[in-house]
1. If I fit a long axis through the Cα atoms of helix 20-32 and take the longest principal axis of the Cα atoms of the chain, what angle between them do I get, 0 to 90°, rounded to 10?
2. Once the Cα atoms of helix 45-59 and of the chain are each reduced to a long axis, what angle between those two axes, in degrees from 0 to 90 to the nearest 10, is obtained?
3. Can you tell me how much longer the chain between Val81 and Ser94 gets when fully stretched, taken as 0.36 nm per residue apart minus their C-alpha distance, in nm with one decimal?
4. Cα axis of helix 2-15 to longest principal axis of the chain: angle in degrees, 0 to 90, nearest 10?
5. Let me know the whole percent of all Cα-Cα pairs from the chain that are separated by more than 29 Å.
6. Would you mind checking which residues have amide H under 5 Å from Glu141's amide H? H placed 1.01 Å from N; only 5 or more apart, or other chain.
7. Over the stretch 67-123, what lengths in whole Å, largest first, do the semi-axes of the equivalent ellipsoid take, defined as the square roots of 5 times the eigenvalues of the alpha-carbon gyration tensor?
8. Rolling a 1.4 angstrom probe over the protein heavy atoms, how many square angstrom per residue are accessible across the chain?
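The values are calculated or read from the model by the stated rules, or taken from the named source; none is laboratory data. Predicted model, so just to flag it, every value in this text is computed and none were measured. Don't worry about glycine lacking a Cβ; one is built from the backbone with ideal geometry, like all the others, and counts go over all protein chains shown. Accessible surface is based on the protein model in full, side chains and every heavy atom, while ligands, DNA and RNA are left aside. Shrake-Rupley method; radii C 1.70, N 1.55, O 1.52, S 1.80 Å.
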Amino acid sequence: MRTLSRRRLIAAGIASATTLSAAAIAAKLASRYGLVPPDGAGLYGPGETLTYAAQRLLTRHSLAREFAPAQISRPPFANEVAPLGAPFRKLQDSGFTSWRLAIDGDVARPSTFTITDLRAFPRRTQITHLACEEGWSYIAEWTGVPLSHILDLVGASPQARYVVYRSIQPDWWESIDMDDALHPQTLIAHSMNGADLPVPFGGPLRLRVPRQLGYKSVKYITSLTVTESLKSFGKGLGSASPEGGYAWFAGI
Ligand SMILES: Nc1nc2c(c(=O)[nH]1)N[C@H]1C(S)=C(S)[C@@H](COP(=O)(O)O)O[C@H]1N2
Ligand SMILES: [Mo]
């Protein structure tokens, strides 16, 4: 009980900071409790920290809304992706039998899985909303392996704090913290609306993170790295998004 009320108190302090100096004070408080996001330095740093810390203290375990089958968008809306290139085409021509998902980093058993392996694992199906930061959105049914199951299988270190994930498109890589990585709705999705995940929607494999904006749901994923620190990845801001001016944490 004591921890809970202390947590509430910190949350109230962080969430009520409205002026810039209050935000800076809140950022200091967040820092003391390990709630600073990887892009928490720089001009927008205190704002990013405020958002992340407040969400983590208040909604860490909450579920993204799930919808009824009748609410599925027909047809769903696929955002355009850059041309996928010859290596992707080759894998596609083979029915993705040679597609691999590799997992390394702070794990006891670095592993590589095929799509067939992943389809044989325990699965979760959920009807959730995908919202792009540009304003449009759709609702679809997603099926996949909970990322938490994969992390258990490979023996992720208890010290690990993040999971980095990469696409066959080199510009697309992201990371999430362990709260989201272990969250029951975070899936390595292989199916959508009852069929194999279509290529325009990220098939054969996509990381679905329904508690964050669409850009965190990276399509065509090929590898995951479990890590304690994000400093050595890219520019050290946690993912490609903050390098391009978007927030690392895009909680909704
Ligand atoms: N590999 C890859 N993943 C990606 C993108 C992309 O261009 N390439 N676009 C992102 C963005 S900005 C959004 S909003 C969603 C769009 O998902 P949708 O095509 O299913 O609508 O995918 C995200 N994942
Ligand atoms: Mo987007």
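1. The helix 20-32 is inclined about 70 degrees to the chain.
2. 80
3. Result: 2.6 nm gained on full extension.
4. It works out to around 90 degrees.
5. 31
6. Those qualifying (amide H under 5 Å, at least 5 residues apart or on another chain) are Asn193.
7. 27, 21, 13
8. Result: 49 Å² of accessible area for each residue.
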